[in-house]
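Please read the structure below before turning to the comments.
The values are calculated or read from the model by the stated rules, or taken from the named source; none is laboratory data. Since the structure is predicted, the reported quantities are computational estimates derived from the model, not experimental observations. Every residue, glycine as well, gets a Cβ built from its backbone with ideal geometry; the counts of neighbours run over all protein chains shown. Surface areas here come from the heavy atoms of the whole protein model, side chains and all, with no ligands, DNA or RNA. Shrake-Rupley method; radii C 1.70, N 1.55, O 1.52, S 1.80 Å.
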Amino acid sequence: MSDTNIYRVQPSWKREGTIDNETYLKWYADSINDPDAFWGEHGRRIDWFKPYTKVKNTSFEGDVSIKWFEDGELNISYNCIDRHLEKRGDQVAILWEGDNPAEDRKITYKELHEQVCRLANVMKKHGVRKGDRVTIYMPMIPEAAFAMLACSRIGAVHSVVFGGFSPDALGGRIVDCESTFVITADEGLRGGRTIPLKENTEKAIDIAAKNFVMVKNVLVVRRTGGKIGWATGRDFWYDEELASVEPTCEPEKMNAEDPLFILYTSGSTGKPKGVLHTSGGYLVYASMTHQHVFDYHDGDIYWCTADVGWVTGHSYIVYGPLANGATTLMFEGVPNYPDQGRFWNVVDKHKVNIFYTAPTAIRALMGAGDEFVTRSSRSTLKLLGSVGEPINPEAWEWYYNVVGEKRIPIVDTWWQTENGGILITPLPGATDLKPGSATRPFFGVKPQLVDNEGNVLEGVADGNLCITDAWPGMMRTVYGDHKRFIETYFSQYPGRYFSGDGCRRDADGYYWITGRVDDVLNVSGHRMGTAEVESALVAHDKVSEAAVVGYPHDLKGQGIYCYVTLMDGEEPSDELRKELVAHVRKEIGPIASPDKIQFAPGLPKTRSGKIMRRILRKIAEDDFGSLGDTSTLADPGVVDDLIENRQNKH
Ligand code: WT7
């Protein structure tokens, strides 16, 4: 990575009120020197039913306790809807673009209010109360956002599960948070293909029942009109139910620290964790980052291409933009349908000003050729964003030169599900850009690099990325397992939040994320534990053992490489490879499809039985000249076979 290409802030990147570098430096210093004063002031950017008198009460030591604005009361849906009604009731809140380019919908703030109130009343009618967990398993349609906001209106805690996850994954998540109310659709629609959401939900409900979690009601949105199964008394049509209730619903008064949502994410061990976010601090942080990182101005058309099933969709399709009274575009489809020009056609069609997507999409579109881009105008664009994985400088330059025509800034935003909002990022009017660097911390964020022993690294350094103090948007706990929260994030380097990412800091103090340093994969921006893929593989009856590692992949960032040892008597074959791929897709979902499967008679283990992943990673990368010391292996002979049969020969 070279620091040579610097793109200086252009005067044309600034509009009235855009934060400049002087302001960034001052605010940043203030936020670090006196967080109480800084966040005490910025906390008032949202409306409180009862103002807070306390601001920050947090500790990364011992039991780890994170509280912000702890005596304040508010309602999230009130902040995202009601408070805008007077000024912008007729402004479009959600601008929906269907999978089919002929389909779109515009939902004004007034309409959003009615839809959310009605849905909140339906949930109440079915017995959903403050604190209850509601699972949302939806395609990218406005009803997904209505569902999230309706939960927040009555104080229910939503758990959105990505529509691409399998029935097993959905069932596990329903069980973990003991959710008895599910909102879904008959089918999803993406790239012209249907996804059997209701059918998957039924299978998930059966899995939940076997684990003694009984789903009482399923609310079903009619999306495709496809044929589905039905359990009378349990299943209800969304449209029919909404028509039968009042169009207004008083927002519940919530404490700042009442839970808003649970979102499951993968770690290096065990099952996915339920990341718990609460209300006040989360909304302050999501709305403030949305405003300043994207330099959002009133009237802008803002588009984040993520799915609401991921945290990016939560914070930067729904909560951040709506809290700011924005018009947020929600896209049901995929970047390459009907063709690879779709993103730019949508930008032109809806006059999009701010566009936020993932490196994996940028790389795929770059590969399709400039023609798909240059035949569109894109003249309304003012800013481009990137999130989800490190963006390689080549893709960055293409995004900047071809998509942005060297005219507009790119914000490369680093953050995680656990963080609630963006932590390291340029501010477009303040930060000179370097392709591939997420640049500098947002207000209130204190990054620290440490070596593997926890020694703090100063100045230019390469290490493990920690954050040393709390910010308002951070997760509060792992749902139902506070011990796991402490162990996962605060035990490796005590007193600090450890991100799991490696990172370099250059001479200008810019941060360059180098990727995960734990056993977590990032495949096309989707996060996945190697342990999850391994347990899916060993659940197959022909598999005795499996070890999974990532390897560099041109389009996906990382590919999934699986070493599989078969049961005695089973023969390796291409057919079995296909069977195992299909099996993992069924267990987790298509995003976890293995790219490479290598049948291995044995895995490299230490004498105590620990698999030496370092060796497996090297072989998967086709870089076995530097395997290091293999003498501690119980059977050093297995390495030769692994090298011989590697699947990534260059
Ligand atoms: C992991 C978090 C919240 C964003 C969506 C993914 C990687 C994310 C960047 C970036 C380099 C990035 C990190 C992080 N990541 N953004 N701009 N540059 N790496 O959220 O699923 O919780 O994954 O994504 O490795 O730890 P997530």
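Rolled with a 1.4 Å probe across the full set of protein chains, the surface gives residue 61 an accessible area near 120 Å².
Annotation: residue 481 carries an accessible surface of approximately 60 Å², with a 1.4 Å probe and no ligand, DNA or RNA atoms counted. If each Cα of segment 208-252 is one equal point scatterer, what is log10 of I(q)/I(0) from the Debye formula at q = 0.14, 0.18, 0.24 Å⁻¹? After summing over all Cα pairs, the log10 values are -0.51, -0.74, -0.96. Quantify how much of the Cα-Cα distance distribution of segment 53-200 extends past 19 Å, in percent. In whole percent, the long-distance tail amounts to 62.
Can you give me the accessible area per residue for the chain, using a 1.4 Å probe, in Å²? Show your work: numbers first, answer last.
On the way: 24600 Å² over 650 residues.
I get 38 Å² per residue for this part.
Taking θ as phi - 60° and the Karplus parameters 6.51, -1.76 and 1.60, the scalar couplings of segment 590-607 work out to x, 5, 9, 4, x, 8, 9, 10, 10, 7, 10, x, x, 10, x, 10, 6, 5 Hz in sequence order, x denoting glycine and proline.
From the C-alpha coordinates alone, can you work out the Kirkwood hydrodynamic radius of segment 102-153, in Å?
Working: mean 1/r = 0.0849 Å⁻¹.
When all Cα pairs of segment 102-153 are included, the Kirkwood radius is 11.8 Å.
Using only Cα atoms, figure out Rg for the chain and give it as a multiple of 2.2 N^0.38 Å. Spell out each step's value before the answer.
Working: Rg = 24.3 Å, N = 650, 2.2 N^0.38 = 25.8 Å.
Compactness ratio reported: 0.94.
Modelled label positions at residue 627 and residue 368, each set 7 Å beyond Cα in the direction of Cβ, lie 4.3 nm from each other.
Scoring 309-316, 13-20, 283-290 by mean Cβ neighbours within 10 Å over their residues and listing the highest first yields 283-290, 309-316, 13-20.
Please pull out the direction-averaged projected area of segment 302-398, using the convex hull of its alpha-carbon atoms, in nm² to one decimal place.
On the way: hull surface 24.2 nm².
Taking a quarter of the hull surface, the average projection is 6.0 nm².
For segment 437-485, what class follows from the C-alpha gyration tensor (a ≥ b ≥ c being the square roots of its eigenvalues): rounded when a/c is under 1.5, otherwise prolate if a/b is larger than b/c, else oblate? Here segment 437-485 falls in the oblate category.
Between residue 210 and residue 644, the modelled labels are 4.0 nm apart [label points 7 Å from Cα along Cα→Cβ]. Here is what passes the span test in the chain: the DSSP H helices with alpha carbon length of 15 Å or more along the helix axis and a Kyte-Doolittle mean of 0.0 or above are 142-154, 280-293. Label separation (residue 250 vs residue 514): 5.7 nm, computed from points 7 Å beyond Cα along the C-beta direction. Within a straight-line Cα-Cα reach of under 14 Å, residue 198 can be paired with the following aspartates and glutamates, leaving aside sequence neighbours fewer than 8 residues apart in one chain: 168, 186, 187, 206, 235.
Just to be sure I understand: if I project the alpha-carbon convex hull of segment 246-346 onto a plane and average over all orientations, what area do I get in nm²? Spell out each step's value before the answer.
On the way: hull surface 39.7 nm².
About 9.9 nm², averaged over all directions.
May I ask you to list the aspartates and glutamates whose Cα is less than 18 Å away from that of residue 578, ignoring any residue fewer than eight positions away on the same chain? Qualifying aspartates and glutamates at Cα under 18 Å: 534, 541, 545, 570, 587, 595.
Packing around the peptides 401-409, 149-157, 601-609, 378-386, taken as the average count of other Cβ atoms within 10 Å per residue, puts them in this order, highest first: 149-157, 378-386, 401-409, 601-609. Lysine pair count for segment 1-156 (Cα-Cα distance under 28 Å; residues 8 or more apart in sequence or on different chains): 23.
Using a 1.4 Å probe on the protein chains only, how many percent of the accessible area of segment 353-402 belongs to carbon and sulfur? Walk me through the numbers before you get to the answer.
Values: 910 of 1610 Å².
After summing per-atom areas, the C and S share lands at 57 percent.
Based on a Kirkwood Rh over C-alpha pairs, give the Stokes-Einstein translational diffusion coefficient of segment 368-456 at 10 °C and viscosity 1.306 mPa s in µm²/s. Answer from the Stokes-Einstein relation: 108 µm²/s. Excluding residues on the same chain fewer than 8 positions from residue 483, give the lysines whose Cα lies under 16 Å from its Cα. Those lysines meeting the cut-off are 271, 273. Note on residue 49: accessible area approximately 80 square angstrom, rounded to 10, probe 1.4 Å, nucleic acids and ligands left out. Segment 516-645 has equivalent-ellipsoid semi-axes of 22, 19, 13 Å, by the square roots of 5 times the alpha carbon gyration tensor eigenvalues, sorted largest first.
Sort 352-365, 634-647 by packing, meaning the average of other beta carbons within 10 Å per residue, with the highest value first.
Working: 352-365: 23.4, 634-647: 14.8.
Sorting 352-365, 634-647 by mean packing, highest first, produces 352-365, 634-647.
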